[in-house]
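See structure below.
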Amino acid sequence: MNLTAIASIIAVGANTALGLAGKDMAAKAKKNDKHRPKIVNRKAHHDYFVLETIEAGMYLLGTEIKSVRNGKVSLDEGFARINRDDELFLYGVDIAPYEQAGPRNHEPTRPRKLLVHKRQIKDLSKHVKQKGNTLIPMNIHFKRGLAKLELGLCRGKSRGDKRQTIKTREHKIEIARAMRKRYK
């Protein structure tokens, strides 16, 4: 064996040991993200019309991120607000205390800073100042190992709107059933 053959064997062995042989690292990251919890606010689409969504980073403590990774979060009562310093904060979201943390745990419903560009905050503040608009957390997911919050610019639904939404959903289901029966 010559020197180049030995070098290529060593390189292939190193890539295999690192898990790089035949697999794209981005595909591995996507595969791992599928197993991460995606916390969804189910009431958001029921109670609000979602006009626009924006993805924001979350400034979390160590015990908070561990609880989020375990899926122990409630988004139902949550909302976001822009303060006087043009910073975006998340209120009312309950992140359960991490069980293994002991006395050094976080406060479950403390306000949490959201990480968004200044121009996005200015755009959101224009929309939020309009009557009836609010910022509601839609879901929490992981992107490249970091917790991200999908924030929705929403307008509240009235009872009639909720009934209309239910009717249209049921109508779509009936149409889908009829199409399946027809084409079987």
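Can you check what the net charge comes to around F49, using other residues whose Cβ is under 13 Å from the Cβ of F49 (Lys, Arg +1; Asp, Glu -1)?
My count for the surroundings of F49 gives 0.
Tally Lys/Arg at +1 and Asp/Glu at -1 over every other residue whose Cβ is under 15 Å from the Cβ of S125; what's the total?
+3
Given a Förster radius of 41 Å and the C-beta distance between R159 and Q100 as r, what FRET efficiency does 1/(1 + (r/R0)^6) yield to the nearest 0.05?
Rounded to the nearest 0.05, the efficiency is 0.35.
Packing-wise, with mean Cβ within 10 Å as the measure, how do 127-135, 105-113, 159-167, 145-153 rank, highest first?
Highest-to-lowest ranking by the protection proxy: 145-153, 105-113, 127-135, 159-167.
Residue separation times 0.36 nm, minus the C-alpha to C-alpha distance between F89 and Y183: what's the value?
Value of the extension gain: 28.8 nm.
No lab work stands behind these numbers, since they all come straight from the coordinates. The model shown is predicted, which means the values in this text are computed figures rather than measured ones. As a convention, Cβ positions derive from the backbone with ideal geometry for all residues, glycine included, and neighbour counts pool all protein chains shown.
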